[in-house]
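One structure is given below, encoded as structure tokens.
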Amino acid sequence: MTTGSAPLSSFRRLQRADGLACVLAIGTANPPNCVPQADFPDFYFRATNSDHLTNLKHKFKRLCKHSHHFLLLSHLVANARFTVCVLSVAAGDKTDVKRRYLYYTEDMLAARPELADNAAPSLDARLDIAAKAVPELAAKAAEKAIAEWGSPAADVTHLVVTTNSGAHVPGVDLRLVQLLGLRPSMRRTMLYLNGCSAGCAALRLAKDLAENTRGARVLVVAAELTLMLFTGPEEGDSGFMTLFNQALFGDGAAAVIIGADTMDHVEHPLFEIVSAAQTIIPESDQTITMSLTSRRLDGNICTKHAPGLIGSNVEHCLLDSFGPLGFGGRNRWNDMFWVVHPGATTILDQIDAVLGLEPGKLAASRRVLSEYGNMFDITVFFVLDEMRRRMEDGAEGESPEWGAMMAFGPGLTVETMVLHATPTERKCNLHENGNAM
């Protein structure tokens, strides 16, 4: 059979969407167990049968309030093994976390003492719990996103799932098909162990799928359980990072619907995803590492170098993304809205300083960190939802049209996305503030 190039090119055009991928809906979920940060030290040392370690407990209480006391010590053990993959714990002067949501409870930990034992081979126990809990938590967020979107779950054409909390095949994606009533012919993609930048990576993939497949509606889901890295306190130098990890991370799930060529009066786009880029910072591949061991999710981070590497590269990444649009630079960064993964306060402080941002520009990121802690890859979705809410309520008084979405993870990897607030989203803000376009 012979087919001319003209019919093929026409067919190819018909396969692609005409417009940009848009965020059509956002849903978030957390476990019911909310633990105030002030109460967590007593909970943690009691649940791990470690109340006899009075000196460590005293340090942990100070860490949960102001981690700069801890950090001076952690610099001495920058290369020590610890149980986390995320960049943002690297040099924070305080956690600035008020509360977190945690899947594990005191009763659960009492029933599985191996989870608090630093030497016990407990990975199988953690994976057994995650196999059931992660899809269920993910489904709650996805149900909210689908309800906001307004179309049936069976209209989802693609599913992209990211998690650091598991290593199963079949995995979370297949379980979500069953829990949500997605159609069996839907196309699925699983992303495992991509760290805190995985949320943006999943959106980047969803953008490609939506713009290259006419009519596609992509459900992106992320879910995390800190149970995968939970462990009891350790004495000695290696214990400092363990304590910091237990003080910072929280559990949750998030979901977004992505699609192009939206249907008028049916779908309500929130943000257009104008571009998506990924950059590896040179000579940084050993700055953050992670792996599954017989014990749990383990990793390594160089606390001295990670924050500086981000600070010295963030503006370059932004200029690469915004330059082709003729937008960006120190005189323009304050004209934008910001959706930044809030790994820790110092990362946000560095971005503020390097870019010369006005006070409050990273308020959405700081609020999510305070109310939920660092939830790995899902955190940036919570920030996006918070920014959406602030724009609708008029909190972003200037009604920015352009925005940047950024996340950082193992590599060191910087994910940078250019967002454009839709006219409807900006109109809500303008109406509240009495401004004119």
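The values are calculated or read from the model by the stated rules, or taken from the named source; none is laboratory data. These figures come from a predicted structure and were not determined experimentally. Backbone-built Cβ (ideal geometry, glycine too); neighbour counts: all protein chains shown. What goes into the accessible areas is simple: the full protein's heavy atoms, side chains included, and nothing from ligands, DNA or RNA. Shrake-Rupley method; radii C 1.70, N 1.55, O 1.52, S 1.80 Å.
Taking region 282-353 as the region of interest, the strands (runs of 3 or more DSSP E) fully inside it that hold 1 or more residues being charged (D, E, K, R) are 297-301.
Among the residues in region 273-281, are any open to solvent by less than 10 Å² (accessible area, probe 1.4 Å) and closer than 24 Å to Thr346 by Cα? Yes, region 273-281 has at least one match. If you go through region 17-32 and keep only what is touching a helix residue (DSSP H, G or I) at 6+ places or on another chain (Cβ under 6 Å) and either surrounded by 23 or more Cβ atoms within 10 Å (Cβ to Cβ) or over 17 Å from Ser275 (Cβ atoms) (or both), you end up with Ala21, Leu24, Ala25, Ile26, Gly27, Thr28, Ala29. Going through region 172-208 one residue at a time, which ones are open to solvent by 40 Å² or more (accessible area, probe 1.4 Å) and touching a His at 6+ places or on another chain (Cβ under 7 Å)? Once the filter is applied, which keeps residues that are open to solvent by 40 Å² or more (accessible area, probe 1.4 Å) and touching a His at 6+ places or on another chain (Cβ under 7 Å), region 172-208 yields only Arg187. Of everything in region 129-167, what is modelled with pLDDT under 95 and either surrounded by fewer than 19 Cβ atoms within 10 Å (Cβ to Cβ) or in a helix (DSSP H, G or I) (or both)? Give them in sequence order. Selection gives Ala167 alone.
For region 364-371, the condition of being modelled with pLDDT under 85, over 26 Å from Gln278 (Cβ atoms) and not in a loop (DSSP other than H, G, I, E, B) holds for none of the residues. Within region 131-149, residues that are of a type in the set (D, E, K, R) have Cβ atoms under 6 Å from residues that are at pLDDT 95 or above in these pairs: Lys140/Ala29; Lys144/Gly27; Glu148/Ala25, counting only partners at least 6 apart in sequence or on another chain.
Looking across region 291-345, the residues that are closer than 24 Å to Met375 by Cβ and aromatic (Phe, Trp, Tyr) come down to Phe337, Trp338. Quick one: in region 261-281, which of the residues that are outside any strand (DSSP E or B), among the charged types (D, E, K, R) and out of contact with any helix residue (DSSP H, G or I) (no Cβ under 8 Å at 6 or more places or on another chain) is farthest from Pro135 (Cα to Cα)? The extreme case among them is Asp264. Being more than 28 Å from Val160 (Cβ to Cβ) and either assigned to a strand (DSSP E or B) or not β-branched (Val, Ile, Thr) (or both) is a property that Glu211 lacks. Within region 236-260, take every residue that is modelled with pLDDT of 95 or more and assigned to a loop (DSSP other than H, G, I, E, B) and give me the one that is farthest from the chain's Cα centre (by Cα). So the residue we want is Ala260. For region 249-271, a residue qualifies if it is surrounded by 21 or more Cβ atoms within 10 Å (Cβ to Cβ) and of a type in the set (D, E, K, R), and exactly one does: Asp251.
Within region 56-68, not a single residue is assigned to a loop (DSSP other than H, G, I, E, B), within 18 Å of Pro233 (Cβ to Cβ), modelled with pLDDT of 90 or more and open to solvent by 70 Å² or more (accessible area, probe 1.4 Å).
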